[in-house]
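One structure below.
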Amino acid sequence: MRLVALFSIATLIALALETTIPQLIPIGVLAPNLVLILAVDLGMKHHGALGAMIAFGMGYAIDSFSGTHLGLNAFMLTLTYLIAYALSRYLISTSTAIGAILVFLGVIMTGLANSVGNAGFEASSGVVGILPRLALQGAISALLTPWVFGLMGWGKRSVGLRPRSVRE
Amino acid sequence: MRGTFLWRYRVVLTSGLLLLLALHLLSAGVAPGARAEKPSLVLLWLLKPVQTIEANLADDTTGFVHDYFDLVNVRHENVQLKQRVAELEGQRTRLAELEVENRHLSDLLELREVLAMRAVAARVIGDDTTGLSRTLILSQGSSSGLRRDMAVISTEGVVGKLIAVAPNASRVLLIDDHNSGLDAFDQRSRARGIVAGLLNGELTMKYVDRTEDVKPGDSVVTSGMDGIFPRGLLVGQITRVSQEGPGLFLNVDIRPAADFRKLEQVLILTQKPPELAPDIKG
């Protein structure tokens, strides 16, 4: 339950920042995907069925504030969690560098999925055009990964949580 | 329990089930008011206070000097006057459109009066989280009488329509989002088409027959045929007209009348527009 509470609060804070900062500063495409960083942190360090459910909930929360297709980001964040989980188990590592790479790829993957989901079969004409934007957003998100991981680490220590990423 | 297949692969199995659930939500295209939509409306409601505080912060930063020297009542009166100006601007555009229609369509059987429509003013308090879709979050919700599919306009022109409504907040899908589509026509030549957004955020008018007389500089207005937007609201101005190959339709690029990046206040039309007879071109 502490895990659920911690990530719920973190997700709400991330969503509040993502929806309001563009109003204060016109950063447009430069806005990092903070919730995806949280999902990668969850996948790398908290292995369990509950982690997958939290990732689904986080994606659903993004769907509430973005786009028109409910379930799209829920799908992508659950998939991101699964990939982060699988990679951390295979590499037996929770390295921040690997996390940053996962975040970069996750942002591009999620962005492409959003574009295809929104545009359907017409996406092919626009997808190539948005790749540079997604790469830039991915890079910015990857740069912020260590700080977000650090903040979450502090939060977990504060509530007495420890990562459960060892093979079971 | 531990060591069984289900325990060892619990993460993968749970993730698989959740992925299937997400695909089901996607493919079902959650209907308005469906149970699956309710948690998202709760989240909208939950975050509204934070978004309002941040929107106020943005306003206060620029309005600090005014607040310091002006009386609070003067600021309140200013907000009320801005709302009234927005309503009057909308009425003026519709009146101009009715004048054009009267001149070009001499076989109309009767003219309709411009009806004053009920509207609710709202502030823009949030943006789309991912930046890949074109939506905004507004400060009013169902407690103010708002419902899905209500038209949203600004003093400059059409903004979009409501796609999600919580008790005290709502989301508007902008007209330049790829999922948006509104029935409109060229105010000068009466050429009809569907105004839709592209993936790169630009606006285009689709299905305009290649024989139509459409030129850059023409104004595009709503036709009123979609039952959401009243007839005659300004959508934008045509910037480019081109034809690719032997296709049936023209490529028509539009610059939206409303600057979505600078929107602060909008009007939501809470009254359904009057039904129209099929448009007779003349």
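The values are calculated or read from the model by the stated rules, or taken from the named source; none is laboratory data. Quick caveat: nothing in here was measured; it's all calculated off a predicted structure. Here the Cβ is made from the backbone with ideal geometry for all residues, glycine too, and neighbour counts use every protein chain on show. The area values use the complete protein model at the heavy-atom level, side chains included, leaving out ligands, DNA and RNA. Shrake-Rupley method; radii C 1.70, N 1.55, O 1.52, S 1.80 Å.
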Q | A:L72 vs. criteria more than 19 Å from B:V172 (Cα to Cα), open to solvent by 10 Å² or more (accessible area, probe 1.4 Å) and without any contact (Cβ under 8 Å) to a residue 60 or more places away in the chain | A | no
Q. Regarding B:T211, is this residue open to solvent by 30 Å² or more (accessible area, probe 1.4 Å), touching a helix residue (DSSP H, G or I) at 6+ places or on another chain (Cβ under 7 Å) and β-branched (V, I, T)?
A. no
Q: Please work out if A:I9 is at the interface with chain B (Cβ under 9 Å from one of its Cβ atoms), outside any loop (DSSP other than H, G, I, E, B), out of contact with any Leu (no Cβ under 8 Å at 6 or more places or on another chain) and surrounded by fewer than 21 Cβ atoms within 10 Å (Cβ to Cβ).
A: no
**Q.** Scope region A:75-112; condition without any contact (Cβ under 8 Å) to a residue 60 or more places away in the chain, farther than 24 Å from A:W147 by Cβ, aliphatic (A, V, I, L, M) and surrounded by fewer than 18 Cβ atoms within 10 Å (Cβ to Cβ); matching residues
**A.** A:A86, A:L112
(Q) Residues that are surrounded by 22 or more Cβ atoms within 10 Å (Cβ to Cβ), within 29 Å of B:K82 (Cα to Cα) and not aliphatic (A, V, I, L, M): does region B:261-274 have at least one? (A) no
Q | Selection within region B:186-204 - open to solvent by 20 Å² or more (accessible area, probe 1.4 Å), within 14 Å of chain A (Cβ to nearest Cβ) and in a strand (DSSP E or B) | A | B:I194
Q. Any idea which residue in region B:120-143 is nearest to B:G232 (Cα to Cα), counting only those that are touching a residue at least 60 places away in the same chain (Cβ under 8 Å) and among the small types (G, A, S)?
A. B:A121
Q. Restricting the search to region A:31-50, which residues are assigned to a helix (DSSP H, G or I) and at the interface with chain B (Cβ under 7 Å from one of its Cβ atoms)?
A. A:A49
